[in-house]
Structures are given as structure tokens and as C-alpha cells.
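Novice: One structure follows; several queries about it will come next.
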Amino acid sequence: MQKTIIIFFGPPGSGKGTQAELLAKKTDWQKISTGDLLRSEVAAKTKLGKLADKYLKTGKLVPDRFIVEMVDNSLKKKSSGFIFDGYPRNLKQLKDLLLMFKKRIKKSAPIYAIEIAVSDKEVKQRLGQRRMCACGKVYHLLYNSPINEGICDICGGKLFTRNDDKPKVISHRLKVYHHDGQAVLDYWRVLGKLIKINGEQPIAKIHNDIMEKLRELKVI
């Protein structure tokens, strides 16, 4: 069976995860997020999950070999398409993924990368204004603020700023994204497989732009 591959890219806070989820719901394609895969393996207490959890608890990066195994297992599942959310992030991961494609995906399969383009200024505003609650609810002080300042609407808990959303950390994350991600984007651009979407629009408009591009390419 022919399988379609869509790979989402974008800086932190670009909304690529949201767009990947919307496309998955619209198409029924399997969404692959390494973060989701890790959490699932850890929750299920699989052999891989137990090994990965040791790294996560100490704040260390999970070795690429674990990520490759999880992604490869996902590609074995029956689906007419796969949507990658934020993976691969660098050239090493790209090479790993291409080797998996060689083994699991037909050469004729349509593969496209979608870049959700958002400026650094916009990223800093989005993430800097984001607040979270321990219950998991996420707020944004400009676009989705709580009814009572600093208090979660759901559980009444006190809202906080994630470490990842602090100014110095945001700047570092952007630096890493531009340094590591540019080569990956260039790879797909040279192949004529990169679709660039303006990410500084309403969520529904971004989704519609993506669907329109995919229809033009006869992917959906």
C-alpha cells in the first residue's frame, strides 16, 4: 500500500504540533511525535520505556538509538500515511529517518516537508506569554488568558512559567533550531519537497493553507 509522508518543521511555539494533529484528524494518517512515543513507552512500562525513563529522570537526552527504534516500530503500523511532528531535528536524525524510509517506505511514496514559518520575535512573544498549571492546562496571556489572573480555570491551581518558556531558554532553543534545523530544511528544499506556510495567521487559516497545498500536489 502506498504511504504518504508529511514532516512538520517549525521553531518552538510555531504551532506545528497543532497543525500535525489537525492534519491527522482530517486524513486518518498516523501522527508520529517522539515526545508522545516516549511518554507512551514509559507509561506502558515496556523494556524500551524503562530504559528511556532512566535518562528522562536524570534530565539527560534519550539516546538516538531508542528514538530510532520507536519511530521504526511506528512505521510498521498499518496506515495510508504518516505525519512527523518535530522529527527529525538535525542531520543525524534525518539520515536515520531516510534509512528507515528505505526499509519501510516505497521509493514512489509522496514525501513532503511542511515548514510553519514564524519569526523569532513572534516565537518569543508566544512562549513568553504562555502559562501552565500542574493539571496540564495551558494558557496564553494574550490569546487564552484565565478568568482570574494567575489561577487555573479548571482546578484553581497557581499558574507558572515553564523553564522552557523563560527568555534565556527561548533564545537558546531558537539558536539550536536555526543551527540544526537549517540543514534539514535545505535537504527538502533542494529536492523540491519543501512547503513553506505562513505560521503567523489564525490556526484555521494555516490549516486551510496546508490542505490547499496538499490538494495542489494531489497528496490528498
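Novice: Can you tell me which condition VAL169 does not meet? The list is (1) under 23 Å from GLU21 (Cα atoms); (2) without any contact (Cβ under 8 Å) to a residue 60 or more places away in the chain; (3) in a helix (DSSP H, G or I), and all the others hold.
Specialist: (1)
Novice: If you don't mind, another one. Taking the options LYS121, LYS107, name whichever one is loosely packed, with under 14 Cβ neighbours inside 10 Å, closer than 29 Å to LYS166 by Cβ and either touching a residue at least 40 places away in the same chain (Cβ under 8 Å) or over 18 Å from the mean Cα position of the chain (by Cα) (or both).
Specialist: The unique qualifying residue is LYS121.
Novice: I want to confirm something. Restricting to the stretch 54-77 and keeping residues that are basic (Lys, Arg) and in a helix (DSSP H, G or I), which single residue is nearest to the chain's Cα centre (by Cα)?
Specialist: Ranking the candidates gives ARG65 first.
Novice: I need the full set of residues from the stretch 196-220 which are over 14 Å from ALA20 (Cα atoms) and not in a helix (DSSP H, G or I), in order please.
Specialist: Selection gives LYS196, ASN198, GLU200, GLN201, PRO202, LEU217, LYS218, VAL219, ILE220.
Novice: Right, here's the next one. What number goes with the only condition from (1) assigned to a strand (DSSP E or B); (2) out of contact with any Asp or Glu (no Cβ under 8 Å at 6 or more places or on another chain); (3) hydrophobic (A, V, I, L, M, F, W, C) that ALA24 does not pass?
Specialist: So the condition that ALA24 fails would be (1).
Novice: From ALA20, ALA24, which residue is in contact with a Ser or Thr (Cβ under 8 Å, 6 or more places away or on another chain), closer than 21 Å to ARG104 by Cβ, of a type in the set (Gly, Ala, Ser) and at pLDDT 95 or above?
Specialist: ALA20
The values are calculated or read from the model by the stated rules, or taken from the named source; none is laboratory data. These figures come from a predicted structure and were not determined experimentally. In this analysis, Cβ positions are derived from the backbone assuming ideal geometry, glycine residues included, and neighbour counts consider all displayed protein chains.
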